[in-house]
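Everything below concerns the one structure shown next.
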Amino acid sequence: MTPFIAEIVGTFLLMFLGCGVNANVSLNKTYGNGSGWIVITTGWALAVYVGVVVAGPISGAHINPAVTIGLAVAGEFSVYDVPKYILAQFIGAILGAFLVWVTHFEHFKLTEDGSTKRGVFCTAPAIKNTSINFLCELTGTFVLLFTILYFTDATLASDNTIVGLGSLGALPVALLVWVIGLALGGTTGYAINPARDLGPRIVHALVPMQNKGSNGWGYAWIPVIGPIAGGVLAALTVGLLQ
């Protein structure tokens, strides 16, 4: 598996499971309908864990354009690889969201509210305020990348065996995303990832669905530009502190 394919697969798993938990909680006649915010934030955190476990050893498991750009700004990733990583992330996000639409097709038909259907795919503000909504996405992603840049890699013992947690090394990232969702996610739905929001938003716009309502394009720039700004700011801040 190449890094490009790994980013596709990792982001696909993130979105299939993440949008899947949205669907399970929000859509009518699922067993998880109405189970709430704790289930959503936990599901997304574990979706990150799965994506990082699979893609991490091959691509570093950015699975997020804001992380890719932030790492490049911090000098931790080649700027020449940024475009292909972002392309892979969007491909994975679109495929994952599309499969959620397929697997939950009957439940979408039984759900009448258009905003609920859209919420399976992409984020929206709980209270619309452009500047504050932008700030929420910026700060959430700032916390994400600022903390990631302080993670340490596993070291090698004298016999070249890895001293560390192996796949459990993905657990800190999952816990980080979980606390961001619990603490900061209630205002905008914490996209903190341009591919996570824009990829599924494109799927929502293209798939046939009754009463799906507005696609929210007027808001769509915030979960794209906000996370990128937050990732860049985190990288610059860590650089100043070192």
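When the alpha carbon coordinates of the chain are projected onto the principal axes, the ranges are 60, 38, 32 Å, largest first. Only Lys, Arg, Asp and Glu carry charge here, each on its Cβ (+1 for the first two, -1 for the last two); on that basis the chain has a dipole of about 660 debye about its Cα centre. Residues 27, 182, 110, arranged from fewest to most other Cβ atoms within 10 angstrom of their Cβ, appear as 110, 182, 27. Over the chain, Cα pairs under 8 Å with separation of 6+ residues give a relative contact order of 30 percent. When both region 1-43 and region 87-144 are represented by their alpha-carbon centers, they are found 10 Å apart. When each of 201, 196, 118 is scored by the number of other beta-carbon atoms lying within 10 Å, the sequence from fewest to most is 118, 201, 196. Extension gain for residue 206-residue 130 works out to 24.8 nm (0.36 nm per residue, less the C-alpha to C-alpha distance). Anisotropy class assigned to region 20-149 is prolate, per the alpha carbon gyration tensor with a/c at or over the 1.5 cut-off and a/b larger than b/c. With helices as the sole contributors, the chain gives -21500 deg cm²/dmol at 222 nm; each DSSP H run of n ≥ 4 counts as -39500 (n - 2.57), and the sum is divided by every residue. Less than 13 Å Cβ to Cβ from residue 216, Lys/Arg counted +1 and Asp/Glu -1: what total charge do the surrounding residues give? Around residue 216, the charge tally is +4.
Modelled this way, with points 7 Å down the Cα-to-C-beta line, the labels at residue 225 and residue 39 are 3.6 nm from one another. In terms of surrounding Cβ atoms within a 10 Å radius of their Cβ, 197, 81, 113 rank from fewest to most as 113, 81, 197. Within region 11-29, whose backbone N sits under 15 Å from a point 7 Å along Cα→Cβ of residue 113? Counting backbone N atoms under 15 Å from the label point, the list is 22-29.
Each reported figure results from applying straightforward, stated rules to the coordinates on display, with no laboratory input. These numbers come from a predicted model, not from an experiment. So basically every Cβ, Gly included, is an ideal-geometry build from the backbone, and we count neighbours across all protein chains shown.
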